[in-house]
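The structure appears below as structure tokens.
The values are calculated or read from the model by the stated rules, or taken from the named source; none is laboratory data. Given the structure is predicted, the values throughout are model-derived calculations rather than measurements. Because the Cβ atoms are built from the backbone with ideal geometry, glycine has one as well, and the counts that use them run over all protein chains shown. SASA here: full protein model, heavy atoms, side chains in, ligands and nucleic acids out. Shrake-Rupley method; radii C 1.70, N 1.55, O 1.52, S 1.80 Å.
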Amino acid sequence: DRGRLVLVREAFDGGTLEERIADSDERIEPKRLRALLGDMLGLLEYLQGLVPPVIHRDIKPSNVMFRTKGDWDPVLVDFDTIVSRRSGLTIVGTPGYAAPEQFAADASPASDVYGLGATMLFVATHTDADALPHEHGRFVLDGLLPSLDEKLVSVLRRMVEPDVSKRYATARDVVRELESRPQPPPKPPVAAAPPTTDRRRVWAVGVGSVLLVAW
């Protein structure tokens, strides 16, 4: 009535992903990490499926929250930096979590894929993404993810690929990769079976221009 605007938001008591990982002495089991990744990909799929797609640009552990202390259902927060077009126009992002192209004021759905990948590296290693070893702009992950299966490690590597043309373009692309089944190895060529001796007798009798064959 007095012309004031009031923003009412849901209260989250579960803290942030950053706090939850920092307070834990043990790394979460691979199954839970994969489930967390799947839930976050679902959130990005929703945002990227809007018309136009919504790009968050600052996905990081402190921007992922939980409603209660006992649940692992993530909530993506802090949408002050979103854009709804490819160019971000402004440089936004957190070192270690922001895709390289964001520092050129460019952003796309692939940029949020990078931020999520870096966030999952923090979850897996308990090390801030900006403090992880790098070489030529790429994370050096050798020996850092021993508990994760080979496919998941491969997916995470591609999610944080600095070359945007080699990275997953959308969250949906990541989901497809995670859900795909490995192709079976090619079967070795089968050697031709040696000819067998047919013990049956064949009679051929020529009668004029007709050949009669009896088995």
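Please pick out the residue among Asp163, Asp128 that is at negative phi and buried (at least 18 other Cβ atoms within 10 Å of the Cβ).
Asp128
Condition first: modelled with pLDDT of 90 or more, charged (D, E, K, R) and assigned to a loop (DSSP other than H, G, I, E, B). Now tell me which residues in the stretch 24-59 satisfy that.
Hits for the stretch 24-59 are Glu29, Arg57, Asp58.
So, Asp23, is that one open to solvent by less than 90 Å² (accessible area, probe 1.4 Å) and without any contact (Cβ under 8 Å) to a residue 40 or more places away in the chain or not?
no
Given the conditions (1) under 16 Å from the mean Cα position of the chain (by Cα); (2) touching a residue at least 24 places away in the same chain (Cβ under 8 Å), and given that His56 satisfies all but one, which numbered condition is not satisfied?
(1)
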